[in-house]
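Data block below; observations after.
Derivation of every value follows stated rules applied to the coordinates shown; laboratory data play no part. The shown structure was predicted, so the numbers you read here are calculated from the model rather than taken from an experiment. Counting neighbours? That spans all protein chains shown, and the Cβs are built from the backbone with ideal geometry, glycine included.
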């Protein structure tokens, strides 16, 4: 049908209305197009018959799709009108993209969907999948930022629905593609580990985005990983839907770019569909969906769309785009073609089309007015309620749960080999033992990253896990931190408990937005309905000897501490690491929290504290019924003459310095290991400072962006500003190679010198 169909010739009205709002032009275009239409009319088909001769689209399917398109259009028009009255707060519309309703009709409501912001048609159509749901009212509540919005509770205008498996997105530029692919991969992974899925086993993941977004590095990451997966014949049933309207805000996509770029991409199966014509496009979309579901391969659906009414309500295209070009674009409005199908098929008369158009307009405005009367978020507590849930008692019970003795024996190879029966060990071995323990405790847990399987990690921290738990639960990934964290989100979406490893802290910065903008934001923007439970292990910080430079001695902690809702822990010794990991896994499992475990590389193998051979930094393995609650620090010594607040590598360094300070001054020194860096336990910090005569903060992060400023703020705001205090921290520079690295990091001598200054 597409070869026979040409867009209607634009009538003169838009050119005469050059000074008018283009939304008004498009609105009038539809009515006038219907009024003056004078084409052939067929006998009305039966509901299950083709809507037009030769079409794969039935009459019943068409009528539903047409109504969904009209709902999407009138939500856009309503938003443009009511935004200026401050009754709605979002005007990025779906006009021109309403053909994506076909994707919704041909997929299931149990196919997880990660959507482009121009998905009004998709959402209106998916709402039909379950009875009793109202796409107009739900959307109006979201537009109005009402607390009653079922998607986000008024926190953002998002396309989302828990019962419809539409996971809310806020950015929708490209950062959702890795987790969409991760979710698709997780469907097959669940079967391999015997995990019960919350969706059917033949589900697919649907992921839509614009042609401009397809160029984003994060999108390219997902496409590459999808092809990499398919190349190995691993199931990855993701339907990438590129809604190609030919323009990104004002930057045009070169003609033919999307087709040429993706049509022949190895590992990505390409399909084209005309999203401007329901009759032409329906069979094409159906073929792509069927292929993805049957073959379980990554599928790229190139959906032709257009964009009318500009990028958003604030985009006055008439100021930068020739009127002739605007008229041509508006003439390609897919609703004009859908109206023509309705009339040509004999299913609707002109009066019926116009009546339906105005009826839906009335419903959208009525819903918007009702939504405006609904309650809004008015307190900070309301806003933050879903961000960082924490049920302390339940989490602690889960962290100390010890009902998996048989699984432990199997993991460790017998009673005599249980880690608590072994002599004291250093940090790396105790983390390794803890990971064995946790994978035995949680059969839904997966550990993955670069080099973690057969090699056992760069520092052998994951040694033996691949052998003990098999390749379905411990496996290597491609060298791509963005995709590692995208995979983690996918597994978490489907009820698994991921333990991804980021090989070095510097590598995390390549993929930070997967945690900052995606994983940690999900509970907040879904009002607690969706969650991304995971524990991300990151090897980092400085002081490595013989191997280093910026990428392997990175002390940049601020990027992690800036993420709302994240739990960040940093152990300094083996027993603490074990008990903190248990709490993090419990936080993930109970409250859906995203946790980052920052492992100080330089102390991985440390055995001694004060003198060679003293073995004072080796620790026993804590019994499985022991855990460290979130925020609980560790105190060394009882002195009040000087209290040192620190973490990570700073703990053994401060303990060494404390001995020198005590010998030199006669003071009694207390060293406080915070252990938890986000959220900082400010009450604990103030409690430890209460009797202090002097306070010293030792922060191995950078001077302007570490942990120390948070500690100092807690102290000053707690009334300790008059107490003599000082800070020892890293310099504001990248870390150089070899011995020069130790010039930019805090040293034991610096701590002693700072203490002298406080004297």
From the Cα gyration tensor of the stretch 23-373, with a ≥ b ≥ c the square roots of its eigenvalues, which class applies: rounded if a/c is under 1.5, or else prolate if a/b is larger than b/c, or else oblate?
rounded
The helix 217-231 Cα axis meets the longest alpha-carbon principal axis of the chain at an angle in degrees, between 0 and 90 and rounded to 10, of 90 degrees
Between (i) 82, 72, 47; (ii) 100, 57, 45; (iii) 71, 58, 53, which matches Cα extents along the principal axes in Å calculated for the structure shown?
(ii)
For the Cα atoms of the chain, what angle does the longest principal axis make with the long axis of helix 59-83, in degrees from 0 to 90, nearest 10?
70 degrees
Taking a ≥ b ≥ c as the square roots of the eigenvalues of the Cα gyration tensor, with a/c under 1.5 meaning rounded and otherwise prolate when a/b exceeds b/c and oblate if not, the stretch 290-350 is oblate
For 390, 543, what ranking results if the residue with the fewest other Cβ atoms within 10 Å of its Cβ goes first?
390, 543
For the peptides 574-585, 450-461, what is the packing order when you average, over each peptide's residues, the other Cβ atoms within 10 Å and list the highest mean first?
574-585, 450-461
What does the highest-first list of 378-386, 340-348 look like by mean Cβ count within 10 Å?
340-348, 378-386
Place the peptides 563-572, 308-317 in order of packing, highest mean first, counting for every residue the other Cβ atoms within 10 Å and averaging per peptide.
563-572, 308-317
Go ahead and estimate [θ] at 222 nm for the chain from helices alone: -39,500 (n - 2.57) per DSSP H run with n ≥ 4, summed, over the residue count, rounded to 500.
-11500 deg cm²/dmol
When the Cα centres of the stretch 177-196 and the stretch 36-54 are compared, how far apart do they sit, in Å?
43 Å
Please work out the FRET efficiency for the pair residue 324 and residue 472, using the Cβ-Cβ distance as r and a Förster radius of 51 Å; give the result to the nearest 0.05.
0.30
Can you give the angle from 0 to 90° between the axis of helix 278-295 and the longest principal axis of the chain, with both taken from C-alpha atoms, to the nearest 10?
40 degrees
State the Cα centre-to-centre distance between the stretch 323-401 and the stretch 437-508 in whole Å.
38 Å
Quick note, the stretch 635-758: a/c under 1.5 would make it rounded; otherwise a/b > b/c is prolate and the rest oblate (a ≥ b ≥ c, C-alpha gyration tensor); here it is oblate
Euclidean distance of C-alpha centroids, the stretch 521-552 and the stretch 591-670, integer Å:
22 Å
